[in-house]
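A short reminder: the numbers here are calculations on the coordinates, not readings from a lab. Computed from a prediction, not measured in an experiment: that's the story for all the values here. Neighbour counts are summed over all protein chains in view; Cβ atoms, including those assigned to glycine, are modelled from backbone coordinates with ideal geometry.
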Amino acid sequence: MTQTMLLLPGDGIGPEVVAEARRVAEKIAPDLQFTEGLIGGASIDAHGQPLTVDTLVNAKASDAVLLGAVGGPKWVDVERNLRPEMGLLQIRKGMDVFANLRPAFCFPALVDASSLKREVVEGLDIMIVRELTSGVYFGEPRGIERGIGDKSFGYETSRYTAGEIKRVARVAFDIARGRRGEVCSTEKSNVMESGLFWREIVTDLHAAEGDGLVLRHLYSDACAMELVRAPKQFDTILAGNLFGDILSDEAAMLTGSIGMLPSASLGAEGAPGLFEPVHGSAPDIAGQGKANPCAAILSLEMALRWSLGQPEAADRLFAAVGRALDYGARTADLGGSMSTQAMGDAIIAAL
Ligand code: NAD
Ligand code: IPM
Ligand code: MN
């Protein structure tokens with residue numbers, strides 16, 4: 001049966017990097033069929049909202065969704081519920097992709113591209129499993145109460161149910177089983193009730209289902225510190241939505257550039273995954289052909305592996321990215337001068 005991938009290029013550098021991922025996909029998975037849609041600012045401009053029902057229906061009917069990035073200065077004054085970023089939150093929630101896999105892998109050729117010393121990042125291979133459809137990002141009530149002077153306030157709710165914690169922790173456990181078998185769960189149970197509950201549930205789940213896995217807990221601030229002090233101590237990091245967001249940007253810089261970090265957002269078994277770079281729309285370099293397409297291309301690699309049932313093709317693509325880097329292919333963020341398209345060409349040549 002033909003497999004379909006919905007491309008949602010989005011805004012800023014999104015369309016530039018997704019175009020390269022598509023060219024690579026045409027080479028490595030020639031039978032894959034593409035449909036294309038709008039999300040974020042591009043959808044606001046066309047339809048007045050960052051995600052339409054039609055796009056969400058198409059996403060759920062596809063085998064996988066590859067998203068570029070959303071947002072940009074053009075839409076900062078748009079009403080909050082209609083901002084580009086809302087489209088992203090809505091598609092994650094709508095597809096129920098609760099487990100966001102963000103691998104921080106340092107390619108051998110890039111050991112000197114990180115701002116950290118070579119010996120600190122050489123051989124680095126971390127998988128961050130970030131909860132993606134709940135927590136403080138979605139908790140109710142939330143809002144801004146105005147008109148009472150200095151007593152005005154803004155607030156949200158950090159809320160996790162036992163079921164939400166268990167299902168993402170199970171994914172982290174499964175991932176760790178295919179790796180070094182070590183899970184580090186991170187929260188702020190020293191100050192947050194939702195963090196304390198998180199630690200309790202993860203501990204219980206480990207006792208019940210964690211055979212053969214080593215589990216430890218670390219406060220998220222300490223985890224952030226350890227990530228730059230001695231990152232190779234980590235194998236699989238489990239985090240809630242907010243802390244996972246922050247820790248994954250930090251981990252990106254261990255690999256040389258945020259332009260290298262892909263992600264896979266997975267839901268129930270058999271449901272389509274959402275694949276997107278960890279980076280944003282990079283308004284400062286958009287439209288200049290400078291963006292690094294590796295994160296988008298490696299997101300395609302994750303789609304082949306996690307949604308399309310093509311692990312051999314994924315392995316070949318991963319190796320090709322490594323080889324292109326070995327040959328010296330570098331965009332500006334990696335200290336080189338290649339254009340986005342030239343980087344795509346280098347990976348296709350390596351394939
Ligand atoms: P950003 O990731 O867009 O950019 C941060 C820095 O990294 C910039 O200097 C940028 O030039 C650089 N960068 C990012 N991706 C790169 C790439 N592929 N190649 C080379 N350099 C790259 O983060 P930001 O500036 O905080 O956010 C810009 C917009 O993107 C905001 O509207 C934000 O909400 C949105 N955003 C979207 C997503 C997403 O769609 N998944 C993720 C993060 C931020
Ligand atoms: C990410 C981004 C998003 C997030 C924003 C743009 C909503 O930072 O994907 O990491 O916070 O999840
Ligand atoms: Mn982020």
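Below, the figures for the structure above:
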quantity: Max mean-square fluctuation residue, GNM over the chain, Cα-Cα springs under 10 Å, options LEU132, LEU32, LEU238; calculated: LEU32
quantity: Segment 225-351: Cα Rg divided by the 2.2 N^0.38 Å rule of thumb; calculated: 1.10
quantity: Rg to Rh quotient for the chain, alpha carbon positions, Kirkwood Rh; calculated: 0.96
quantity: Distance (nanometres) between label positions extended 7 Å along Cα→Cβ at LEU196 and ALA162; calculated: 1.7 nm
quantity: Net charge contributed by nearby residues that have their C-beta within less than 10 Å of PHE197 (K/R +1, D/E -1); calculated: -1
quantity: Interchain or long-range residues, amide H under 5 Å from GLY273's placed H; calculated: VAL65
quantity: Highest-fluctuation residue, GLY37, GLY322, GLY178 considered, GNM on the chain with Cα pairs under 10 Å; calculated: GLY178
quantity: 25 °C / 0.890 mPa s Stokes-Einstein diffusion coefficient of segment 230-293, Kirkwood radius on C-alpha pairs, µm²/s; calculated: 178 µm²/s
quantity: Phi to ³J(HN,Hα) by Karplus 6.51 cos²θ - 1.76 cosθ + 1.60 over segment 259-265, Hz, x for Gly, Pro; calculated: x, 9, 8, x, 8, 10, 10
quantity: Rounded Å value of the spacing that divides the Cα centres of segment 94-130 and segment 37-60; calculated: 30 Å
quantity: Pairs beyond 31 Å (Cα-Cα), from LYS93/LYS117; LYS117/LYS188; LYS27/LYS60; LYS27/LYS290; LYS166/LYS232; calculated: LYS93/LYS117
quantity: Among ALA252, ALA268, ALA208: highest mean-square fluctuation, GNM of the chain, C-alpha pairs under 10 Å; calculated: ALA208
quantity: Percent of alpha-carbon pairs separated by more than 23 Å within segment 1-115; calculated: 38 percent
quantity: Where a label projected 7 Å from the Cα of GLN33 along Cα→Cβ would reach, residues of segment 46-68 with amide N under 12 Å; calculated: 62-63
quantity: Cleavage-rule hits (GluC sites (Glu not before Pro)) in segment 12-94: DSSP loop, at most 11 neighbouring Cβ within 10 angstrom; calculated: GLU79
quantity: Paired Rg and Dmax values of segment 101-261, which use every Cα atom, in angstrom; calculated: 17.2, 56
